[in-house]
1. Go through the residues of region 91-107 one by one and say whether even a single one is more than 17 Å from L153 (Cα to Cα) and of a type in the set (S, T, N, Q).
2. Given the criteria in a loop (DSSP other than H, G, I, E, B), more than 16 Å from A53 (Cβ to Cβ), free of Cβ contacts under 8 Å to residues at least 40 places away in the same chain and of a type in the set (A, V, I, L, M, F, W, C), does L148 qualify?
3. Quick test for you: out of E154, E117, pick the one residue that is of a type in the set (D, E, K, R) and in a strand (DSSP E or B).
4. Would you confirm whether any residue within region 345-359 is within 29 Å of N185 (Cα to Cα), in contact with a strand residue (DSSP E or B) (Cβ under 8 Å, 6 or more places away or on another chain) and at pLDDT 95 or above?
5. Collect the residues in region 92-118 that are farther than 25 Å from Y306 by Cα and surrounded by 24 or more Cβ atoms within 10 Å (Cβ to Cβ), keeping them in residue-number order.
6. Could you check, for region 95-105, whether at least one of its residues is within 18 Å of G137 (Cβ to Cβ), touching a residue at least 12 places away in the same chain (Cβ under 8 Å) and outside the structural domain of N304 (by TED's automatic domain parsing)?
7. Scan region 218-240 for residues that are in contact with a Gly (Cβ under 9 Å, 6 or more places away or on another chain) and β-branched (V, I, T) and report the count.
8. Of the conditions (1) surrounded by 12 or more Cβ atoms within 10 Å (Cβ to Cβ); (2) among the small types (G, A, S); (3) assigned to a helix (DSSP H, G or I), A26 fails just one. Which one is it?
Amino acid sequence: MSSTETFPELPLFDLRLEPQDLEAVAETLRSGWLTLGPRTAEFEEAFATQLGARHAIALSSCTAALHLAYLAAGAGPGDEVIVPSFTFYASAEAIPPTGARPVFCDIDPDTYCMTAETVRAVLTPRTRAVIAVHLFGNVVPIAEIEELGVPVLEDAAQAAGSTSANGRPGALGTAATFSFFPSKNLGAFGDAGMVVCQEESMAAKIRALRNHGMEDRYYHSMVGGNFRLDALQAALLAVKLPHFDGYTAARRRNAALYTDRLAKLPGVSIARPAACGCAQEVDAEESARLVLPVAYPHNGHIWNQYTLRVIGAGRRDALRAHLTARGIGSEIYYPVPLHEQKCFSYLGHQPGDFPWAHRLAGEVISVPIYPELPAAQIEQVCTAIWDFLK
């Protein structure tokens, strides 16, 4: 946000500092442990328990978590890591520093996630791992991708609190990464991240890598870096963790209100998850002007974002301008798919290589859904959307 912009009357997310947060900061400062320390260890243990994972390693950001997860999975020169083209940049950004090559795949347009079919289409003997992004809080069918015979890492930055028939994100693949960026369902007051995994050897390697490759103090067994979590952030997250299920329930309630209200409008349809969306014709005509999001069957969507598809060239940007004029915050996640980013031009992709990633980048828009959002303001957003569609 530039210095000339102002926050909208109804923001995309609401960051609140409660009295218990201030006390956690004061207690941490008094303890003298400002990096890692006992509060961080307590938060790691509690978070791992909540997910059903054996190990949790707190880190300075989710980008750091991705980088160390790739390294711990053995990614290196000559290897390939498959990543969906429609995701936040960090999912792919963390691959090249390992020496491995990012290989993009398309997504299912109804759930915004990769599928076993989209992965199979780009799988090669050089594939070291797949990074399955649980985008917007939906849950990728991890078991189906694992059947392809390649390790699956989870990018669960937007899926803390989601569930599936096989368990929670974080305990489905070989390892998982989480973000505690302030806008997330479990948000810190700055950057923070986590890797969770089941294997002791992987956890030990990541713990060493986050602290300059040290296993014993001043004895460096590998080249790592400084990826330690600030103890203040760990303390604040530990205070929020007992309220985590409540945040989740509130997001689901808000998503249900949006869907119930918007589905009644003319020209609105609800997405229907398909086995492989990218097999559909991209230029097929749709009668709907607005498509509402859904969860995979048998999954508990966290609704980190409530993301709409606005059909028609230029219509998404017009809706965003319409909402902004009414003081309603929104965001476009993500306007340029990764295979079209300038920094990845060396891979030689064309926009049509991953048609759904290309198309959705011009159609999606996310509206406020944070837990504290009152029903009256959801109605305000829905009314504004209806005024736009009329």
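1. The answer is no; no qualifying residue exists.
2. yes
3. Criteria check complete, one pass: E154.
4. Yes, that holds for at least one residue.
5. Within region 92-118, A94, I95, A100 qualify.
6. Filtering region 95-105 down to residues within 18 Å of G137 (Cβ to Cβ) leaves none.
Checked region 95-105: no residue is within 18 Å of G137 (Cβ to Cβ), touching a residue at least 12 places away in the same chain (Cβ under 8 Å) and outside the structural domain of N304 (by TED's automatic domain parsing).
7. 1
8. For A26, the exception is condition (1).
The values are calculated or read from the model by the stated rules, or taken from the named source; none is laboratory data. Since the structure is predicted, the reported quantities are computational estimates derived from the model, not experimental observations. Every residue, glycine as well, gets a Cβ built from its backbone with ideal geometry; the counts of neighbours run over all protein chains shown.
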